[in-house]
Amino acid sequence: MAKLYFHYSTMNAGKSTLLLQASYNYRERGMATYLLTARLDDRAGAGRIGSRIGIGAEADTFDGTSDLFDAIRARLASGGIACVFLDEAQFLTPDQVWQLARAVDDLGVPVMCYGLRVDFRGELFPGSAALLALADEMREVRTICHCGKKATMVVRRGADGRARSAKARRCRSAATRPTSRSAAATGAKRWATRRGVSGQCSAHAPVVQPACQSASGSSVRR
């Protein structure tokens with residue numbers, strides 16, 4: 001049965017690498033895949049998913065006005081696909097996440113989304129929040145903080161390399177495209193310290209945690 005998957009993490013955890021490897025595995029076995037990425041993310045070039053280790057692949061792009069159900073249905077009509085892979089999933093709108101869920105349920109094609117969970121303010125992206133609610137399976141892609149512990153947050157850095165203040169962060173748009181120079185992965189304790197929330201351990205830092213999914217197996221998308 002087809003499912004909607006959400007692979008989430010912080011910056012520089014290797015999400016795009018995993019996406020490209022999974023797509024390659026399908027293609028190596030003679031099965032076609034359909035790749036999508038956010039139009040505003042052109043770090044690897046327009047209409048291209050790229051990894052920091054140097055691999056990449058062409059992809060169709062989406063923005064806030066795209067109907068992803070129609071895009072997937074049209075791609076299926078032009079030739080069978082075994083799986084849809086979508087990068088930069090944090091830039092999806094909640095409506096687009098429902099479109100992906102509909103594609104899974106009505107078109108019978110699995111959809112694998114890869115993206116950030118929270119922004120540099122520690123707040124869920126709207127697309128990520130919708131995926132945490134609707135995805136059939138969620139998988140965390142882990143990476144490490146500069147201190148050597150597991151990274152769970154994202155820090156935005158200024159031109160001087162220092163973390164932005166909490167006030168400055170609240171004034172910046174959550175939809176601003178991050179780059180490897182302007183953002184970094186960090187642990188919750190270090191993130192809280194950089195935001196000026198001193199004296200808090202990681203358990204008490206302002207981190208948003210997704211709730212457990214129901215084990216009932218019933219579909220809430222219908």
Percent accessible area from carbon and sulfur atoms, region 1-92, protein chains only, probe 1.4 Å: 49 percent
Accessible area expressed per residue, region 1-129, with surrounding protein chains retained (probe 1.4 Å, Å²): 42 Å²
Tensor-based shape of region 20-124 (alpha-carbon gyration tensor, a/c under 1.5 rounded, otherwise prolate or oblate): oblate
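The values are calculated or read from the model by the stated rules, or taken from the named source; none is laboratory data. This is a predicted model, so every value here is computed, not measured. Areas reflect the complete protein model, heavy atoms only, side chains present, ligands, DNA and RNA absent. Shrake-Rupley method; radii C 1.70, N 1.55, O 1.52, S 1.80 Å.
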